[in-house]
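**Student:** The structure under discussion is supplied below as structure tokens; questions concerning it will follow.
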Amino acid sequence: MCGILGTVPFTPSETFKPALDTLTHRGPNSYGIKSFGEKVTLGHRRLSILDLSPNGHQPMSEESGRFSITFNGEIFNFLEIKKELIARGHFFKSTSDTEVLLKSFLEWGESCVKKFNGMWAFAIWDNQKQVLFLSRDRYGQKPLFYAQIGEKFVFASEMKAIFPFLDKLEISDDFHWMKRNIFHYEATEKCLIRGIKRFPAGYNGIFKNGKLQVKRYWNTLDHLVEVPKTYEEQVESFRELFMDATKLRMRSDVTIGTALSGGLDSSATIGAMSHLSKNNNSYSNDWQHAFVASFPGTPLDESKYAKMVTDHLGIGATFVDIEPLKNWGKLEDYFYLFEDLYITSPLPMIMLYGAVKQNGVTVTLDGHGADELLSGYAQGTLESLWDARWDLSKTKDILEIYQDSMIEDELQYERKSSLKLYKDFMLRKTAKKVLGHKFQTQDNHHSKFKKLDNHAQFLYAMFHQNIMPTLLRNYDRYSMINSVEIRMPFMDYRIVNFINSLPYSSKIGNGYTKRIVRDALDPYLPKEVTWRKTKVGFSTPIVNWMQNELSEWFLDITNSKDFLNTGLIDNPNELRSTISDIVNKKISSNKIASDSWTKLSYFIWEKAILNKY
């Protein structure tokens, strides 16, 4: 995991090095810069994880010197690919996955990326043909931005590394659309800063003769699989896939751990790690490090469930109390490092991964992706009603699952009777069908998308188009701000293909969401966690903070002259009034408080990004 930067043509070191150093948090262990005459400059900031020796240094060139790479990410199946390459006559000087990637490009060209099980953003320069090849992983786990600035093409892991090449920093023409569509812009090329674009996930690109041409190499719909006919066989197949995905992600030359919430997904991940280790089937012996974010006295605290998991597995845990005042003074710095907009404060997650790093852990295996793949959210539960509409028993089951999953505290949704819930949903859904409303993805017209059931279409859009791309970006930032790499077994492309090929009844049913995960991982987890029905998202207890520790800060910032004059918030005076009412406990709605924070964050972003340059 690293930070990459490059320019075509060449950029002098006095300009290039400071730009590269804006990515130091992504790669604190070493850096490298390599230029090829006046043609190109490649840069790399290294976070050492595989082959800690100088042999893994980047930018890396193969023996002839024709091809050179700067690479951010991990190829988890690099050892298997390496064996294949050796059989084809290649030899290796390092034990890194970077050299395997580079030699794979020599052997198979652009199509090499289809062989990779991993996450990546990389650039390879062909010094003979004067061509730059770019690629980003299937789902966008690793970031990649680019800009055409006059005659210069610049690419980087984060926008901030491109800022020094811009004449001035301005919000993009799409900024105000983006702030109103926070979950919808990450899967587009749109960026908050004018002149910068996001390289698309699942695409390769060629920059040649001053022009970038991109081509899609991966579409999940083209890789759906034939799943076993019985549910029991499906469970067994998923268990095998998940264990292998976890095993591959335990390959590391540094200490690994887990960010454990106490929910099903992260618990399943560490449960799999424990099972592999006990059966001498693990690639790491130093994995027993669980880190738990704790919000004492708030509805978001799940630490008791996390402790059940670690006690069950017989490992220790580090509980990290998220106390906002400890790091609130760094908020603008965090916004600068985070770069983008989101609906909650980044502080809890950044603090958690900060504790991970402080305790000597560089890699975590986390449970991200399961909710979006397998319907961990309430709306996904409702969408399955359309598929079950002719089956009374399944309809009743789904309605009970929905009602049981509601959180038993003030964050709870307004409850409705099951009959009213069903009628309301089916009326809205029928109207949408009549009007031709479809889930918005770039693949709506794909023949296999049309064959997916309604529930699968909903999840496909959530995973590929809105929620998941945003969360992948977020967790890349939360972790890399602290020089920590996150690996996600649920994001293994084989699992994504398999889950998207399942019927809705394998994902939700028999009283539970994420049904197949529960049945597959039940042998390795405490029953209280596996069969728990309520869900608490990893968020921020914003009302509690606004009415207690941070009340003075919220009042001060919303009464400042700069806030009242900002052009990024539609009505600063109205927002100031709402925040004042929350602070003074006239309003205690979590939804209103969260909306207020989201709007306030535009101003914090302005101070952290625009006013920094």
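The values are calculated or read from the model by the stated rules, or taken from the named source; none is laboratory data. Since the structure is predicted, the reported quantities are computational estimates derived from the model, not experimental observations. Cβ placement follows ideal geometry from the backbone for every residue including glycine, while neighbour counts extend to all protein chains displayed. SASA here: full protein model, heavy atoms, side chains in, ligands and nucleic acids out. Shrake-Rupley method; radii C 1.70, N 1.55, O 1.52, S 1.80 Å.
**Student:** When you look at I569, is it touching a Phe, Trp or Tyr at 6+ places or on another chain (Cβ under 8 Å), touching a residue at least 24 places away in the same chain (Cβ under 8 Å) and under 27 Å from K326 (Cα atoms), yes or no?
**Tutor:** Details: touching a Phe, Trp or Tyr at 6+ places or on another chain (Cβ under 8 Å): yes; touching a residue at least 24 places away in the same chain (Cβ under 8 Å): yes; under 27 Å from K326 (Cα atoms): no.
So I569 fails the test.
**Student:** So, one more: Do we have V434 as out of contact with any helix residue (DSSP H, G or I) (no Cβ under 7 Å at 6 or more places or on another chain) and modelled with pLDDT of 95 or more here? Give the steps one after another, and end with the answer.
**Tutor:** Values: out of contact with any helix residue (DSSP H, G or I) (no Cβ under 7 Å at 6 or more places or on another chain): yes; modelled with pLDDT of 95 or more: no.
Taking the combined requirement at face value, the residue does not satisfy it.
**Student:** Could you give me the residue pairs with C-beta distances under 6 Å whose first residue belongs to the stretch 574-599 and is of a type in the set (S, T, Y), whose second residue is not in a helix (DSSP H, G or I) wherever it lies, and which are 6+ apart or on separate chains?
**Tutor:** What qualifies is T598/I343.
**Student:** Going by the conditions given, is F319 open to solvent by 10 Å² or more (accessible area, probe 1.4 Å) and of a type in the set (F, W, Y)? Steps first, answer last, please.
**Tutor:** Values: open to solvent by 10 Å² or more (accessible area, probe 1.4 Å): yes; of a type in the set (F, W, Y): yes.
Here the answer is yes, as F319 does meet what is asked.
**Student:** Let me ask you something else. I want to confirm something. Restricting to the stretch 261-279 and keeping residues that are open to solvent by 10 Å² or more (accessible area, probe 1.4 Å) and assigned to a loop (DSSP other than H, G, I, E, B), which single residue is farthest from P489 (Cα to Cα)?
**Tutor:** By that ranking, first place goes to N279.
**Student:** Determine if the stretch 398-419 includes at least one residue that is more than 26 Å from the chain's Cα centre (by Cα), outside any loop (DSSP other than H, G, I, E, B) and among the polar types (S, T, N, Q).
**Tutor:** Looking through the stretch 398-419, at least one residue is more than 26 Å from the chain's Cα centre (by Cα), outside any loop (DSSP other than H, G, I, E, B) and among the polar types (S, T, N, Q).
**Student:** Another one. Quick test for you: out of S505, S588, S551, S560, pick the one residue that is hydroxyl-bearing (S, T, Y) and closer than 30 Å to Q457 by Cα. Explain how you work it out, then say what you get.
**Tutor:** Working: S588 fails: closer than 30 Å to Q457 by Cα; S551 fails: closer than 30 Å to Q457 by Cα; S560 fails: closer than 30 Å to Q457 by Cα.
Of the residues listed, the single one that is hydroxyl-bearing (S, T, Y) and closer than 30 Å to Q457 by Cα is S505.
**Student:** When the residues of the stretch 204-229 are narrowed to those that are part of a loop (DSSP other than H, G, I, E, B) and open to solvent by 40 Å² or more (accessible area, probe 1.4 Å), which ends up farthest from C112 (Cα to Cα)?
**Tutor:** As a first pass, look at the stretch 204-229 and keep what is part of a loop (DSSP other than H, G, I, E, B): 209-210, 217-219, 224-229.
Restricting the remaining residues to those that are open to solvent by 40 Å² or more (accessible area, probe 1.4 Å) gives 209-210, 224-226, 229.
Numbers: N209: 24, G210: 25, L224: 20, V225: 21, E226: 24, K229: 32 Å.
This residue is K229.
**Student:** Counting just the residues of the stretch 200-224 that are within 22 Å of the chain's Cα centre (by Cα) and of a type in the set (A, V, I, L, M), which one comes out farthest from P503 (Cα to Cα)?
**Tutor:** The selected residue is A201.
**Student:** Would you mind listing the strands (runs of 3 or more DSSP E) fully within the stretch 106-156 where at least 3 residues are open to solvent by 10 Å² or more (accessible area, probe 1.4 Å)?
**Tutor:** Numbers: elements: 118-126, 131-136, 145-149, 152-156.
Of the strands (runs of 3 or more DSSP E) lying wholly inside the stretch 106-156, those with at least 3 residues that are open to solvent by 10 Å² or more (accessible area, probe 1.4 Å) span 145-149.
**Student:** Can you name every residue in the stretch 157-178 that is open to solvent by less than 10 Å² (accessible area, probe 1.4 Å) and either of a type in the set (G, A, S) or outside any helix (DSSP H, G or I) (or both)?
**Tutor:** S157, E158, A161, I162
**Student:** OK, next. Restricting to the stretch 319-347, name every residue that is closer than 15 Å to V484 by Cβ and either part of a helix (DSSP H, G or I) or modelled with pLDDT of 95 or more (or both). Write out each step before concluding.
**Tutor:** Here is the first cut: in the stretch 319-347, the residues closer than 15 Å to V484 by Cβ are 320, 334, 337-338, 346.
Once the filter is applied, which keeps residues that are closer than 15 Å to V484 by Cβ and either part of a helix (DSSP H, G or I) or modelled with pLDDT of 95 or more (or both), the stretch 319-347 yields Y334, L337, F338.
**Student:** Condition first: open to solvent by 30 Å² or more (accessible area, probe 1.4 Å) and either β-branched (V, I, T) or within 21 Å of K591 (Cβ to Cβ) (or both). Now tell me which residues in the stretch 556-572 satisfy that. Give the steps one after another, and end with the answer.
**Tutor:** To start, the set of residues in the stretch 556-572 that are open to solvent by 30 Å² or more (accessible area, probe 1.4 Å) comprises 556, 559-562, 564-565, 567, 570-571.
Residues satisfying the conditions are D570, N571.
**Student:** Suppose we filter A201, A187 for residues that are of a type in the set (A, V, I, L, M, F, W, C), open to solvent by 40 Å² or more (accessible area, probe 1.4 Å), assigned to a loop (DSSP other than H, G, I, E, B) and over 22 Å from F16 (Cα atoms); which single one remains? I'd like the intermediate steps shown before the answer.
**Tutor:** Working: A201 fails: open to solvent by 40 Å² or more (accessible area, probe 1.4 Å).
Result of the check over A201, A187: A187.
**Student:** Would the stretch 477-488 turn up any residue that is charged (D, E, K, R), open to solvent by 60 Å² or more (accessible area, probe 1.4 Å) and touching a helix residue (DSSP H, G or I) at 6+ places or on another chain (Cβ under 9 Å)?
**Tutor:** Initially, the stretch 477-488 is screened for residues charged (D, E, K, R), giving 477, 485, 487.
Remaining after also requiring open to solvent by 60 Å² or more (accessible area, probe 1.4 Å): none.
The answer is no; no qualifying residue exists.
**Student:** Right, next: Quick one: in the stretch 1-28, which of the residues that are in a loop (DSSP other than H, G, I, E, B), within 24 Å of the chain's Cα centre (by Cα) and modelled with pLDDT of 95 or more is surrounded by the most Cβ atoms within 10 Å (Cβ to Cβ)? Write out each step before concluding.
**Tutor:** Filtering the stretch 1-28 for residues in a loop (DSSP other than H, G, I, E, B) gives 1, 9-12, 22-23, 27-28.
Still in the running and within 24 Å of the chain's Cα centre (by Cα): 1, 22-23, 27-28.
Filter again for modelled with pLDDT of 95 or more, leaving 22-23, 27-28.
Numbers: T22: 22, L23: 24, G27: 26, P28: 17.
Going through the qualifying residues, I end up with G27.
**Student:** I've got another one for you. Would you mention how many residues in the stretch 356-365 are within 16 Å of F319 (Cα to Cα) and either in contact with an Asp or Glu (Cβ under 6 Å, 6 or more places away or on another chain) or surrounded by 22 or more Cβ atoms within 10 Å (Cβ to Cβ) (or both)? Walk me through it before giving the result.
**Tutor:** As a first pass, look at the stretch 356-365 and keep what is within 16 Å of F319 (Cα to Cα): 356-361, 364.
Going one step further and asking which of them are either in contact with an Asp or Glu (Cβ under 6 Å, 6 or more places away or on another chain) or surrounded by 22 or more Cβ atoms within 10 Å (Cβ to Cβ) (or both), we end up with 356, 361, 364.
Number satisfying all stated conditions: 3.
**Student:** While we're looking at this one, here's another question. Are there any pairs with C-beta distances below 9 angstrom linking a residue in the stretch 280-292 that is more than 14 Å from S252 (Cβ to Cβ) and open to solvent by 50 Å² or more (accessible area, probe 1.4 Å) to a residue that is modelled with pLDDT of 80 or more and outside any loop (DSSP other than H, G, I, E, B), with the two at least 6 apart or on different chains, and if so which?
**Tutor:** N281/M243; N281/K247; N281/H275
**Student:** Looking at E232 and the list (1) in contact with an Asp or Glu (Cβ under 9 Å, 6 or more places away or on another chain); (2) in contact (Cβ under 8 Å) with a residue 24 or more places away in the chain; (3) surrounded by fewer than 18 Cβ atoms within 10 Å (Cβ to Cβ), which single condition is not satisfied?
**Tutor:** Result: E232 passes all but (2).
**Student:** Further question on the same structure: Y353 - would you say it is at pLDDT 95 or above, in a helix (DSSP H, G or I) and surrounded by 18 or more Cβ atoms within 10 Å (Cβ to Cβ)? Break it down into steps so the answer makes sense when it comes.
**Tutor:** On the way: at pLDDT 95 or above: yes; in a helix (DSSP H, G or I): yes; surrounded by 18 or more Cβ atoms within 10 Å (Cβ to Cβ): yes.
Yes.
**Student:** Answer yes or no as to whether G37 is under 19 Å from L5 (Cβ atoms), open to solvent by 10 Å² or more (accessible area, probe 1.4 Å) and without any contact (Cβ under 8 Å) to a residue 60 or more places away in the chain. Step through it out loud before you land on a result.
**Tutor:** On the way: under 19 Å from L5 (Cβ atoms): yes; open to solvent by 10 Å² or more (accessible area, probe 1.4 Å): yes; without any contact (Cβ under 8 Å) to a residue 60 or more places away in the chain: yes.
Spelling it out, G37 is indeed under 19 Å from L5 (Cβ atoms), open to solvent by 10 Å² or more (accessible area, probe 1.4 Å) and without any contact (Cβ under 8 Å) to a residue 60 or more places away in the chain.
**Student:** Hey, among the residues in the stretch 464-495 that are under 11 Å from the mean Cα position of the chain (by Cα) and of a type in the set (A, V, I, L, M), which one's nearest to S266 (Cα to Cα)? Show your work before the answer.
**Tutor:** The first filter runs over the stretch 464-495 and keeps only residues under 11 Å from the mean Cα position of the chain (by Cα), leaving 467-479, 486-488, 491.
This time we only want the ones that are of a type in the set (A, V, I, L, M), so: 467-468, 471-472, 486, 488, 491.
Values: I467: 18, M468: 16, L471: 15, L472: 15, I486: 12, M488: 10, M491: 13 Å.
Only one residue fits best here, namely M488.
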